[in-house]
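To keep things clear, I will list the structure first and then write my remarks on it.
The values are calculated or read from the model by the stated rules, or taken from the named source; none is laboratory data. Because the structure is predicted, anything quoted here is derived from the model rather than measured. Counting neighbours? That spans all protein chains shown, and the Cβs are built from the backbone with ideal geometry, glycine included.
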Amino acid sequence: MVAKSHFQVIILFLLSLLYITSSYTHTQADFDKWVSRNVKNYQKRNILEAKLKVAAPGPDLKLTQAENNKTITEALNSIPPRNTRRVIVSIAPGVYSICLRKDVPECNCGVDASHFVAINIKFEGSQDTLYDHKGLHYFNNCSIQGPFTRKVASITAQKRTNSSLESGFSFKNCTVIGSGQVYLGRAWGDYSRVVFSYTFMDNIVLAKGWSDWGDQKRDSRVYYGEYKCSGPGANLAGRVPWTRVLTDEEAKPFIEMQFIEGDTWLISP
């Protein structure tokens, strides 16, 4: 019986709420487009806030996990049916186990809805530690950590099935450390999209950086970008030729809150 080797990779999310502004001069068309986008986002935000007040007047429904529930699942199940009020689950310091995927024997965390926010949370598991499946999500000051049994693993496996989908992962101001060898991402979907910016990468990141998961036709379709990263694992010399070294303009959509339409739904508690 061959013994399995266990490695660990840790991703620290140190995402900033600050907007990034550019110093370049806008043309009139750029300026008009910027104004139009922000006006629409302002309108969306007002609509969302109005819906929250009309549908469920009063304060947010806050669930303090440590007071009345033994698990996070119990806290979520205590939300009344057809609830229309925003729910904030306050999790006391400690270790909690939550299983959201029946198709994976290990106990992992999955998110399958929009407008999910995690702050100061450490996600630990095995394979598929965090199944960030569907919706607009924001992780601030979080970490993802998990062992893997393969010789080489992937930090991400993003499944974007066609170029028109506005899905993807953006890692900003992060730290990638651990042991073993990892790819930054493998192409689960033909048009997988992942961007790392301002991220420190230790030498656990393979020189190639990215994997097409054995399907070379994906090389011209995936969007795997890096922008102003640092550390021994961020050396671009050995990267696969289809890695995108982003310019300031190309990186801008991924390093602003607009990537998750944050200015339309990230409302302070």
Quick check on this structure: which one of THR149, THR161 is modelled with pLDDT under 95 and more than 25 Å from HIS115 (Cβ to Cβ)? THR149
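The rows are residues; the columns are (1) charged (D, E, K, R); (2) buried (at least 18 other Cβ atoms within 10 Å of the Cβ); (3) without any contact (Cβ under 8 Å) to a residue 40 or more places away in the chain; (4) not in a strand (DSSP E or B).
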{"position": "VAL182", "(1), (2), (3), (4)": "no, yes, no, no"}
{"position": "ARG186", "(1), (2), (3), (4)": "yes, yes, yes, no"}
{"position": "GLY189", "(1), (2), (3), (4)": "no, yes, yes, yes"}
{"position": "VAL195", "(1), (2), (3), (4)": "no, yes, no, no"}
{"position": "ASN203", "(1), (2), (3), (4)": "no, no, yes, yes"}
{"position": "ALA207", "(1), (2), (3), (4)": "no, no, yes, yes"}
{"position": "GLY214", "(1), (2), (3), (4)": "no, no, yes, yes"}
{"position": "ASP219", "(1), (2), (3), (4)": "yes, no, yes, yes"}
{"position": "GLY225", "(1), (2), (3), (4)": "no, yes, yes, no"}
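This table checks each residue for (1) more than 29 Å from GLU261 (Cα to Cα); (2) modelled with pLDDT of 75 or more; (3) not in a strand (DSSP E or B).
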| position | (1), (2), (3) |
| --- | --- |
| GLU74 | yes, yes, yes |
| PRO93 | yes, yes, yes |
| PRO105 | yes, no, yes |
| GLY110 | no, yes, no |
Scanning for something of a type in the set (S, T, N, Q), surrounded by fewer than 18 Cβ atoms within 10 Å (Cβ to Cβ) and within 16 Å of the chain's Cα centre (by Cα), does region 134-141 turn up at least one residue? yes
Which residue, of ALA237, ALA187, ALA251, is small (Gly, Ala, Ser) and in contact with an Asp or Glu (Cβ under 8 Å, 6 or more places away or on another chain)? ALA187
Looking at (1) modelled with pLDDT of 55 or more; (2) within 30 Å of ARG150 (Cα to Cα); (3) of a type in the set (A, V, I, L, M), which one does LEU100 not meet, given that it meets all the others? (1)
Could you look through region 112-126, keep only residues that are over 14 Å from the mean Cα position of the chain (by Cα) and buried (at least 16 other Cβ atoms within 10 Å of the Cβ), and pick out the one that is modelled with the highest pLDDT? GLU124
Keeping to region 176-207, report how many residues are farther than 23 Å from GLN145 by Cβ and charged (D, E, K, R). 2
If we ask which residues in region 159-172 are surrounded by fewer than 16 Cβ atoms within 10 Å (Cβ to Cβ) and either touching a residue at least 60 places away in the same chain (Cβ under 8 Å) or of a type in the set (Val, Ile, Thr) (or both), their number turns out to be 1
